[in-house]
Amino acid sequence: MVITVSSIKGGVGKSSVVLLLANNLASRGRKVLVIDTDLNNTVTVYYTMGIGRIGEICERQNISLAFSTGKIDDRNIVASRKQNVWVVPSSLKLLDQRSMENVEIKRILRSPKGFDDILIDTSPTWDNIVAGALMAADLILSPVAFTEYNYNMSACLLSKMQTVMPDQAKNLYFLFNHWSDQYSKYPTSLQNLVLSMYRKGIDNLLSVTLPDTRFVDRYTNFDEKCCIKSPHTGCARLAAGVNNLINMIYEDKKVVEIF
């Protein structure tokens, strides 16, 4: 399955969702390829930190070179520091590839062989590379933060897709990130007000949510593990949420205790 994670708005936890999904899937024994088309390269840094001479490796093997050669293969796939996860690093040279056709980008992003899952991280914008990544996906997840501006950006993304790629718009689902059970109790909380806006204006809202927890930063920046049985409440809730999300997507019931 090809899963693209996309949002026009930055700061909604897009890259962290990619990391959490990829690591959980890898812990299930699946071979996962993560393609980093985000110029911020958070995913690339996470999966390659500590690897010797990684700067030189990423200069020789990256998504920009894959677009230039027309294929993603061993020439641009890097073995990550995580078992069962490989990565195609991002590159600032993507800025020079704005003239590529969407359909060609789609073809290249779907070209890797031998993987159970391909996850694509995208820049928080709308351009030809993001559009190609959306076209390549079997499933599109768009993380949502609870602000009115985020609703406007979600509506913009949906409108763009309905215009440019109407068939793919049916594969777009909105994932409520930074969810707080505490705020859900109060009808006038910002969370509930924004949730009401989404329910009135947008379909395809996922019932599974990911919790608002500072543990996400510890996971992405300090490589702490997500664990169902963790004494840290935020960690345990995040692990449960990711398991629930993947089980919903893949119609599975497995629980990965630590990833």
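Look through 99, 154, 91 and report the one residue that is of a type in the set (Ser, Thr, Tyr) and under 21 Å from residue 200 (Cβ atoms).
Among 99, 154, 91, only 154 is of a type in the set (Ser, Thr, Tyr) and under 21 Å from residue 200 (Cβ atoms).
Going residue by residue through segment 112-124, is there one that turns out to be over 23 Å from residue 26 (Cα atoms), touching an Asp or Glu at 6+ places or on another chain (Cβ under 6 Å) and either modelled with pLDDT of 95 or more or not basic (Lys, Arg) (or both)?
Residues of segment 112-124 over 23 Å from residue 26 (Cα atoms): 123-124.
Next cut, touching an Asp or Glu at 6+ places or on another chain (Cβ under 6 Å) only: 123.
Next, from what is left, pick out any that are either modelled with pLDDT of 95 or more or not basic (Lys, Arg) (or both): 123.
Yes: one or more hits.
Can you name every residue in segment 58-71 that is buried (at least 23 other Cβ atoms within 10 Å of the Cβ) and not in a helix (DSSP H, G or I)?
Passing the criteria: only 62.
Within segment 180-201, identify whether any single residue is modelled with pLDDT of 95 or more, under 17 Å from residue 134 (Cβ atoms) and surrounded by 13 or more Cβ atoms within 10 Å (Cβ to Cβ), and answer yes or no.
No, that holds for no residue.
Could you go through segment 44-56 and let me know if any residue there is of a type in the set (Asp, Glu), in a helix (DSSP H, G or I) and loosely packed, with under 13 Cβ neighbours inside 10 Å.
Yes, segment 44-56 contains at least one residue that is of a type in the set (Asp, Glu), in a helix (DSSP H, G or I) and loosely packed, with under 13 Cβ neighbours inside 10 Å.
For segment 21-41, what are the residues that are under 11 Å from the mean Cα position of the chain (by Cα), within 28 Å of residue 257 (Cβ to Cβ) and buried (at least 24 other Cβ atoms within 10 Å of the Cβ)?
22, 34, 35, 36
Identify, from the list 194, 242, the residue that is touching a Phe, Trp or Tyr at 6+ places or on another chain (Cβ under 8 Å), of a type outside the set (Phe, Trp, Tyr) and under 18 Å from residue 148 (Cβ atoms).
Checking each option against the conditions leaves just 194.
Restricted to segment 208-217, and to residues that are touching a strand residue (DSSP E or B) at 6+ places or on another chain (Cβ under 9 Å) and not acidic (Asp, Glu), which residue is surrounded by the fewest Cβ atoms within 10 Å (Cβ to Cβ)?
Filtering segment 208-217 for residues that are touching a strand residue (DSSP E or B) at 6+ places or on another chain (Cβ under 9 Å) and not acidic (Asp, Glu), the one surrounded by the fewest Cβ atoms within 10 Å (Cβ to Cβ) comes out as 208.
Sort out which residues of segment 11-38 are in a loop (DSSP other than H, G, I, E, B) and touching a strand residue (DSSP E or B) at 6+ places or on another chain (Cβ under 9 Å), and write them in order of number.
Within segment 11-38, 12, 13, 30, 31, 37, 38 meet the criteria.
Residues in segment 33-49: is at least one among the hydrophobic types (A, V, I, L, M, F, W, C), at pLDDT 95 or above and over 27 Å from residue 165 (Cα atoms)?
Yes, some residue in segment 33-49 is among the hydrophobic types (A, V, I, L, M, F, W, C), at pLDDT 95 or above and over 27 Å from residue 165 (Cα atoms).
Residue by residue, here is whether (1) touching a Pro at 6+ places or on another chain (Cβ under 6 Å); (2) under 27 Å from residue 155 (Cβ atoms) holds:
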| site | (1), (2) |
| --- | --- |
| 184 | no, yes |
| 214 | no, no |
| 237 | yes, no |
| 242 | no, yes |
| 245 | no, yes |
| 254 | no, no |
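Just to confirm my filter: which helices (runs of 4 or more DSSP H) fall fully inside segment 184-259 and include at least 2 residues that are in contact (Cβ under 8 Å) with a residue 60 or more places away in the chain?
215-222, 233-250
The values are calculated or read from the model by the stated rules, or taken from the named source; none is laboratory data. Just so it is clear, the structure is predicted and the values come from calculations on it, not from any experiment. Backbone-built Cβ (ideal geometry, glycine too); neighbour counts: all protein chains shown.
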